[in-house]
Amino acid sequence: MMEASKTNLVKQYEPDVECSRWIERRPDEIWDYLADVSNEPQWRDIMIEAHWVSDPPYRIGSTGLHVVKGVGDWPWKVTEWDEHRSVSWIVTDGRFEGSHAGYRVLPENAGSLVTLHAHFKRSTFMRFVVPIVKLRMRRQFAAELSKLKAIMET
């Protein structure tokens, strides 16, 4: 039953932006770094702060908070949790409420393929800005993954 729920949550949206990067580290090592969301300001320039609000163990329904430059507080709730493979969340308040984002970490060629993805809820405001935001986010995700790669491979 849990497996079907996880699959349904993932298929609710297609990413507006998705970017992947191969990193020469085992998936579990990358996952452990990403699952500690307080590490995000180290590799994501838009993050001022990030932390879990919920206590471990983390799973579907756990909550966290990102403080994003130019946006402010961005509370979120986990909608998919596949330990050492993928996590997705939905923004639960603010201008981007209803938007989704997440990571996937898959084994590939003695390393890992790490993917960032995001989908923006189509409010009236977002219908006009999504084309601009998508271009900016692709560049941002590529830069963030390069920074993550440098951190993980040192």
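Would you point out the residue of the stretch 32-61, among those that are among the small types (Gly, Ala, Ser) and under 22 Å from VAL114 (Cα atoms), that is most open to solvent (accessible area, probe 1.4 Å)?
For the stretch 32-61, the residue satisfying everything is SER38.
Within the stretch 136-154, take every residue that is of a type in the set (A, V, I, L, M) and either at pLDDT 95 or above or open to solvent by 60 Å² or more (accessible area, probe 1.4 Å) (or both) and give me the one that is farthest from ILE46 (Cα to Cα).
Going through the qualifying residues, I end up with MET152.
Among residues belonging to the stretch 2-21 that are open to solvent by 80 Å² or more (accessible area, probe 1.4 Å) and under 15 Å from ALA142 (Cα atoms), point out the one that is modelled with the lowest pLDDT. Outline the logic, then answer.
Pass one, the stretch 2-21, residues open to solvent by 80 Å² or more (accessible area, probe 1.4 Å): 2-3, 8, 11-12, 14, 18, 21.
Cutting the leftovers down to under 15 Å from ALA142 (Cα atoms) gives us 18, 21.
Numbers: GLU18: 95, ARG21: 98.
Out of the qualifying residues, it is GLU18.
Just the residues that are closer than 15 Å to TRP31 by Cβ and of a type outside the set (S, T, N, Q), please, taken from the stretch 57-88.
PRO57, TYR58, ARG59, VAL78, GLU80, TRP81, ASP82, GLU83, HIS84, ARG85, VAL87
Test GLY72 against the criterion of being at pLDDT 95 or above, open to solvent by less than 30 Å² (accessible area, probe 1.4 Å), under 29 Å from VAL129 (Cβ atoms) and not β-branched (Val, Ile, Thr), and give yes or no.
Judged against the criteria, GLY72 is not a match.
Pick from the stretch 87-98 the residues that are in contact (Cβ under 8 Å) with a residue 24 or more places away in the chain and of a type in the set (Gly, Ala, Ser): which of them is surrounded by the most Cβ atoms within 10 Å (Cβ to Cβ)?
Among residues in the stretch 87-98 that are in contact (Cβ under 8 Å) with a residue 24 or more places away in the chain and of a type in the set (Gly, Ala, Ser), the one surrounded by the most Cβ atoms within 10 Å (Cβ to Cβ) is SER88.
The values are calculated or read from the model by the stated rules, or taken from the named source; none is laboratory data. Predicted model, so just to flag it, every value in this text is computed and none were measured. Because the Cβ atoms are built from the backbone with ideal geometry, glycine has one as well, and the counts that use them run over all protein chains shown. With ligands, DNA and RNA removed, areas are computed over all heavy atoms of the protein, side chains included. Shrake-Rupley method; radii C 1.70, N 1.55, O 1.52, S 1.80 Å.
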